[in-house]
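The values are calculated or read from the model by the stated rules, or taken from the named source; none is laboratory data. Nothing here was measured: the structure is a model prediction, and the numbers come from that model. Because the Cβ atoms are built from the backbone with ideal geometry, glycine has one as well, and the counts that use them run over all protein chains shown. SASA here: full protein model, heavy atoms, side chains in, ligands and nucleic acids out. Shrake-Rupley method; radii C 1.70, N 1.55, O 1.52, S 1.80 Å.
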Amino acid sequence: MLAPVTEVANAALTDLEREILAPGGGLDRLRLVRTPFVPEVRLHLAEDAIVWWARMEAHAGRHLPPPYWASVWAGGQALARYLLDHPELAAGRRVLDLAAGSGLVAIAAALAGARRVVANDIDPYAVAAVTVNARANRVTVAATGGDLLDTDGAGVDLLVAGDVFYDAPLAARMRAFLHRVAATGADVLVGDPGRGHLPAGLTVVADYPVPTTEPSVDSPVRRVQVLRPR
């Protein structure tokens, strides 16, 4: 199930480690900060992800994927809060954090006592971000790349996925994947701030007012739901 570490992922990790150690500040730097709604977790985040992205692309001389991992998203914050408030959901279990981004939810699962945590993302920089963020929080998380949406998540006891229903094609694939995972007997939890493509057939288990930190959102607080398949 787990994708091997690639040269691209290794290069991304080297880039992020260099960025973290670089002196100075400013909008184009990464900072280790406490997550607003989950202060138990610290993450390396960009002061301004767009400015950071522009500088990194200029340095690399090529296109880089949008650094979604460099901001902390509302759905992930809600899921992480829910796991830490209900540690029995993750304790002693095998957890997969899909589309992990910064690794916030995976780290929360590890802090809640999960037996094994895997954080998966298709962006090699997100895989690198999970690695450095897990180190910062002194937990063990296996960070992997590759697209898992055509699998059934075999060997997983709990699947968590935050902010994954932001466009129709991805939502369709995600919906099928979540149902396949649930059919194996695994528990499934998703965090969603009302992005517009949330599928039917989900039950709300928690509802939070989450501080907004992601780019291009006007409201300082968003209502975010944690849901599971019926």
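In terms of the Cα gyration tensor, with a ≥ b ≥ c the square roots of its eigenvalues, is the stretch 1-156 rounded because a/c is under 1.5, prolate because a/b exceeds b/c, or oblate?
oblate
Any chance you could look up the accessible area of HIS63 with a 1.4 Å probe, heavy atoms only, rounded to 10 Å²?
It works out to around 130 Å².
Using alpha-carbon pairs under 8 Å, 6+ residues apart, how would you state the relative contact order of the stretch 133-230 in percent?
Reported relative contact order: 25 percent.
Enter the angle in degrees (range 0 to 90, nearest 10) between the Cα long axis of helix 124-136 and the first principal axis of the Cα atoms of the chain, meaning the one along which they spread out most.
It works out to around 90 degrees.
Give the accessible surface of the chain per residue, rounded to a whole number of Å², with probe radius 1.4 Å and ligands, DNA and RNA excluded.
45
Give me the percent of the accessible area of the chain that comes from carbon and sulfur atoms, probe 1.4 Å, all protein chains in place.
That share works out to 55 percent.
Would you calculate, for the chain, the mean residue ellipticity at 222 nm contributed by helices, counting each DSSP H stretch of 4 or more residues as -39,500 (n - 2.57) and dividing by all residues, to the nearest 500?
Value at 222 nm, helices only, nearest 500: -10500 deg cm²/dmol.
Going by accessible area, probe 1.4 Å, with all protein chains left in place, what is the ranking of ILE20, ILE50, ILE122, largest first?
Listed by decreasing accessible area, they come as ILE122, ILE50, ILE20.
From the residues GLY191, HIS179, TYR166, which one has its Cα farthest along the dipole of the stretch 150-230 in the positive direction, the dipole being from +1 and -1 charges on Cβ of Lys/Arg and Asp/Glu about the Cα centre?
Positive-end residue among those listed: HIS179.
Expressed as an acute angle from 0 to 90° and rounded to the nearest 10, what is the orientation of the C-alpha long axis of helix 49-60 relative to the principal long axis of the chain?
Tilt of helix 49-60: around 60 degrees.
Quick one: among THR213, THR14, THR131, which has the greatest mean-square fluctuation in a GNM of the chain with alpha-carbon springs under 10 angstrom?
Of THR213, THR14, THR131, the most mobile in the Gaussian network model is THR14.
How far is it, in nm, from the label point at ASP48 to the one at ALA183 when both lie 7 Å from their Cα along the line to the Cβ?
Taking the two extended label points, one gets 4.8 nm.
Quick one: which residues, 5 or more positions from ARG222 or on another chain, have an amide H under 5 Å from its amide H? H modelled 1.01 Å from N in the peptide plane, none for Pro or chain starts.
Counting only residues 5 or more places away or on other chains, the set is VAL210, THR212.
For the chain, calculate the relative contact order in percent as a whole number, restricting contacts to Cα pairs under 8 Å that are 6 or more residues apart.
Numbers: 509 pairs, mean separation 44.7, N = 230.
Dividing the mean separation by the residue count of the chain yields 19 percent.
Only Lys, Arg, Asp and Glu count, each charged at its Cβ (+1, +1, -1, -1), so figure out the dipole size of the chain about its Cα centre, rounded to 20 debye.
So the dipole magnitude of the chain works out to roughly 460 debye.
Considering only DSSP beta bridges where both residues belong to the chain, give the percentage that are antiparallel (nearest 5).
Of all bridge pairs located within the chain, approximately 50 percent are antiparallel.
Any chance you could get the radius of gyration and Dmax over the Cα atoms of the stretch 78-122, in Å?
9.3, 29
Angle, helix 168-183 long axis vs. longest principal axis of the chain, Cα atoms, 0 to 90°, nearest 10?
Here the helix axis deviates by roughly 50 degrees.
Determine, for each peptide in 159-165, 54-60, the mean count of other beta carbons within 10 angstrom over its residues, then list the peptides with the highest first.
159-165, 54-60
Hey, what D do you get for the stretch 73-230 in µm²/s if you plug the Kirkwood alpha-carbon radius into Stokes-Einstein at 37 °C and 0.692 mPa s?
Result for D is 214 µm²/s.
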